[in-house]
Amino acid sequence: MSTGPRRLPHASLTDTVQIVGTVVLPTLARGVIVRRPPVVAKAEKLDADRRAVELLQRMRRRYGRGPLRLRLPRRMVVLLDPTHVQRVLDQTPEPFTPASAEKRAALGHFQPHGVLISTGAERDDRRRFNEEVLDTTSPVHRSADVMVGRVQDEVDQLLTRARRDGALVWDDYSTMWDRMVRRVVLGDGAKDDEELTELLVRLRATANWAFLHPRRVRTRARFLDRLAEHVDRAEPGSLAASMAGTPTTDMTEPGQQPPQWMFAFDAAAWASFRALALLHAFPEQMARAREEIAGRDLSTPQDLSFLRACILESLRLWATTPAVLRESTERTLWEDGPMPESTSILTYAPLFHRDDENLPYANEFDPDVWLDPAKARDWPLIPFSAGPAECPGRNLVLHVSSSILAMILAGTELRLEDEDRLHPLPSVLDPFSLRFPVVG
Ligand code: HEM
């Protein structure tokens, strides 16, 4: 029997329609760049991500390890094998660029020169700039002293409001979060500039529609001008001050990097609010958290490894970047055959984060996954992506959000309303409807 050249498996039309309908469209419908709360609530009711994971597990049984080609007008594959995810993320930006056509269309609405959608020498230069400003390799940012003071001030105001109203709710948390982000990124002079955040939300709402929405040229110019005014102040202790102290070249476009930072902080608002819910639903883990913060001076930077692990668990269970996209810049070879140039490559993170066929902790809240190397194994848990395009804000955002959790736990006793929502852990958890009544 002659064996022809090997070819990557090709999903049937029916399976392609199912994957698009169950994995791709529901992810887009929730809003990739800014979330649409009613759709998120509906997704929780439908247990939408469990269906998506189960479908992809079925596809892996039917077609093997892949990458699985879809029958679409545009070349697209879905990754099903953990080693393939590692390969694609490690071999970024060449031959797998993060600046995929979809991402360029979406992010081009407000940061056409942001690092995420840059290529070649420009990407290298902007990545270097981002890493220096964000202090990527330090667990605690060099300006953390000032940042923590600003964060504590915002959390104090939030808890005063919660005690007055009897509960901590999303709207107040999100208002606190936006003020905190403006203070950390741009300094105290920006804390009341709500319009800046609103302009960015408007641009992100158009970005959700990627190719389909015309650019809002005037809104973008207004946003970038206003942002530049704050950046130019270079207020001590802010990321704007770190920018002023970081060398640039004629390729850096420093003013186009902070929009990504401001918008990326949102993911940590959802992740930390969900982590707060997890802690209140699992007393044993709450006891460990309280033990970690006991006797600490939270007005100074602290390295809170258990609370960091809780945020990471929240991101594993409910990935805020469920679709990690790459595009091949040349023809590449795989065990089962070649993949042509300009193929769009989808890693659907929940398949790997909650793969109950391979991970004993898939559907549990188990912070030790992040603390115990034996548990983590060599498996793609990728809430911050991985490889050369891994999120350069990882340490900064984990430090800020674990500090906020600690300050809340130390500040006021709360309970979680409707705790049953977390038993068993749902595949989607709508953070916008979480509510924490104040105890006593
Ligand atoms: C919980 C919060 C966050 C999560 C889950 C997160 C996750 C991610 C992920 C998954 C990517 C890679 C996307 C891809 O490969 O397509 C990324 C990229 C990036 N993130 Fe974050 N991020 C968070 C917060 C932040 C913050 C607060 C900042 C800055 C202050 C930041 C700065 C960046 C930048 C600049 C990139 C682009 C990196 C590159 O293309 O080389 N992120 N982030």
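Values in this text are rule-based calculations from the coordinates and carry no lab data. Worth saying up front: this structure is predicted, and the values here are computed from it rather than measured. Glycine gets a Cβ as well: all are built from the backbone with ideal geometry, and neighbour counts include every protein chain shown.
Compared with the dominant principal axis of the Cα atoms in the chain, helix 283-293 is inclined by about 60°. The trypsin sites (Lys or Arg not before Pro) found in region 129-200 that occupy coil by DSSP, while having at most 15 further C-beta atoms within 10 Å, are Arg142.
Under a plain spin-label model, where a point goes 7 Å from the Cα along Cα-to-Cβ, how far apart in nm are Thr329 and Asp372? Between Thr329 and Asp372, the simple spin-label model gives 4.1 nm. Binning all Cα-Cα separations of region 285-440 at 10 Å, short to long from zero, yields these whole-percent fractions: 9, 31, 34, 17, 6, 3, 0. The Rg/Rh ratio for the chain is 0.96, where Rg is the radius of gyration of the alpha carbons and Rh is the Kirkwood radius.
For the pair region 321-373 / region 41-62, the C-alpha centres are spaced 15 Å from each other. Rounded to the nearest 10 degrees, the angle from helix 217-233 to the longest Cα principal axis of the chain is 50 degrees. Dipole magnitude for the chain: about 1680 debye, using +1 per Lys or Arg Cβ and -1 per Asp or Glu Cβ, origin at the Cα centre. Only one residue of Leu414, Pro383, Pro38 has its Cα farthest out toward the positive end of the dipole of region 13-437, where Lys and Arg carry +1 and Asp and Glu -1 on Cβ, and that residue is Pro38.
Taking Cα centre as origin and charging only the Cβ of basic (Lys, Arg, +1) and acidic (Asp, Glu, -1) residues, the dipole magnitude of region 1-159 rounds to 1300 debye.
Can you give me the angle between helix 305-317 and the longest principal axis of the chain, using Cα atoms only, in degrees from 0 to 90, rounded to the nearest 10? So the helix axis and the longest Cα principal axis differ by about 40 degrees.
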